[in-house]
Amino acid sequence: MLLTKTLSLIAVMAVMAAPQEQPPRVPESIVFAGETYRFDRPDLYERMDRELIAFTYSHTLSTLMLKRADRIFSQVVPILKRNGVPEDLKYLMAIESNLSPTAISPSGAGGLWQFMKTTARGYGLEVNDEVDERFHIVKATEAACKYLKQSYAKYRDWMTVAASYNAGQGGISGRIEAQGQDLAMDLLLPEETSRYMFRILAAKLFFEHPESFGYLIEPDRCYPYKAPKKTVEVNEPVPSLADFAKKHGTSFFLLRLSNPWLRSESLTNKNRKTYRIDIPSE
């Protein structure tokens, strides 16, 4: 028995000591939103290499994102297409929130697209103590499309649009004017925004070819999207969402899990606004 335990311990230690998978090589080029980006300059090569390394060795987050991908992308991609936004812009969510619909940053940005409260309201989302549509996947994605299309009308380049999503249109426009360039890839930018663009390119490679990063996850171990059993329209106050959930054959916990935009135990709804509340399937 002691020998067996010793051999098992040695085996575990051998696995732990084994070298990590090598990150994928920097490709010659990547096509993103219809544009080709090359890495034939030493600085471009190194900046891309850094992000490929980060995705390779951020094991917990990288694994979780791969598991979440189908659930999130299956809901978001049709909205992007319907709004004329290239599908590749879905990778902004991976960089912004690690594909977590309930993510909240230290600065208070929330949801898949990480809207600040003021910005969210400016793009038509309701944000208060009871309802926060930054956490509504469909409505937040519609709002993100508005921002992205507005930004594209200004810059005519989707990577510059992505940079502006991180740094703000004012920040990008100011640097374009000061440095006499047209595209964000040609600008000297703060490190966070500079990395942001290459992280998006690395994200595209990561989700399209996870095996090249050393990740092999069986489909049945991923988190699928489950459509709600039904959707109930509510245009009056709901004093108790727990009672509402019970009435519709579910629990308050599962109701909130399916509707993370509901932020309280009740829905005052003084203005008699119509809300669509998903009732989760069993």
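Candidates are the residues of the range 124-175 that are buried (at least 21 other Cβ atoms within 10 Å of the Cβ) and charged (D, E, K, R); the one that is farthest from Leu89 (Cα to Cα) is Asp132. Among the residues in the range 61-72, are any farther than 20 Å from Lys226 by Cα, more than 17 Å from the chain's Cα centre (by Cα) and either of a type in the set (Gly, Ala, Ser) or exposed (fewer than 14 other Cβ atoms within 10 Å of the Cβ) (or both)? Looking through the range 61-72, none of the residues is farther than 20 Å from Lys226 by Cα, more than 17 Å from the chain's Cα centre (by Cα) and either of a type in the set (Gly, Ala, Ser) or exposed (fewer than 14 other Cβ atoms within 10 Å of the Cβ) (or both).
The set of residues in the range 232-271 being outside any helix (DSSP H, G or I), of a type in the set (D, E, K, R) and modelled with pLDDT of 95 or more consists of Glu233, Glu236, Arg263, Glu265. For the range 69-80, a residue qualifies if it is among the charged types (D, E, K, R) and under 16 Å from Glu208 (Cβ atoms), and exactly one does: Asp70.
Cβ-Cβ distances below 7 Å connect the following pairs, each with a first residue in the range 244-261 that is touching a residue at least 12 places away in the same chain (Cβ under 8 Å), a second residue that is part of a loop (DSSP other than H, G, I, E, B) and β-branched (Val, Ile, Thr), and a separation of six or more residues or different chains: Pro260/Thr102. So how many residues does the range 222-239 have that are of a type outside the set (Val, Ile, Thr) and either in contact (Cβ under 8 Å) with a residue 60 or more places away in the chain or surrounded by 14 or more Cβ atoms within 10 Å (Cβ to Cβ) (or both)? Residues flagged as of a type outside the set (Val, Ile, Thr) and either in contact (Cβ under 8 Å) with a residue 60 or more places away in the chain or surrounded by 14 or more Cβ atoms within 10 Å (Cβ to Cβ) (or both) within the range 222-239 amount to 6. Under the condition of being assigned to a helix (DSSP H, G or I) and within 16 Å of Leu80 (Cβ to Cβ), the residues counted in the range 120-140 number 4. For Tyr37, the criteria (1) of a type outside the set (A, V, I, L, M, F, W, C); (2) modelled with pLDDT of 95 or more; (3) in a helix (DSSP H, G or I) hold in every case but one, which is (3). With respect to the conditions (1) farther than 24 Å from Leu112 by Cβ; (2) free of Cβ contacts under 8 Å to residues at least 60 places away in the same chain; (3) not assigned by TED's automatic domain parsing to the domain that holds Phe55, Thr268 lacks only one, and its number is (2).
Need pairs with beta-carbon distance below 6 Å; first residue under 14 Å from Pro86 (Cβ atoms) and within the range 145-168, second part of a loop (DSSP other than H, G, I, E, B) and of a type in the set (A, V, I, L, M, F, W, C); sequence gap 6+ or separate chains. That search, which allows pairs on different chains as well, returns Cys145/Val85; Leu148/Val85; Asp157/Leu183; Trp158/Ala33; Thr160/Leu183.
Taking the criterion of being in contact (Cβ under 8 Å) with a residue 60 or more places away in the chain and within 16 Å of the chain's Cα centre (by Cα), the residues of the range 196-221 that qualify are Tyr196, Phe198, Arg199, Ile200, Leu201, Ala202, Ala203, Lys204, Leu205, Phe206, Phe207.
Within the range 183-190, at least one residue is of a type outside the set (Val, Ile, Thr), within 15 Å of Glu51 (Cβ to Cβ), in the same structural domain as Ala94 (by TED's automatic domain parsing) and in contact with a strand residue (DSSP E or B) (Cβ under 9 Å, 6 or more places away or on another chain).
Scanning the range 258-277 for residues that are surrounded by 15 or more Cβ atoms within 10 Å (Cβ to Cβ) and within 16 Å of Ile137 (Cβ to Cβ) yields Ser258, Asn259, Pro260, Trp261, Leu262, Arg263, Tyr275, Ile277.
With the condition kept exactly as written, say whether any residue in the range 42-49 is in contact (Cβ under 8 Å) with a residue 60 or more places away in the chain and either farther than 20 Å from Glu192 by Cα or not aromatic (Phe, Trp, Tyr) (or both). Yes, there is a match, as at least one residue in the range 42-49 is in contact (Cβ under 8 Å) with a residue 60 or more places away in the chain and either farther than 20 Å from Glu192 by Cα or not aromatic (Phe, Trp, Tyr) (or both).
The values are calculated or read from the model by the stated rules, or taken from the named source; none is laboratory data. None of the values given here were measured: they were computed from a predicted structure. Cβ atoms come from the backbone with ideal geometry, glycine included; neighbour counts cover every protein chain shown.
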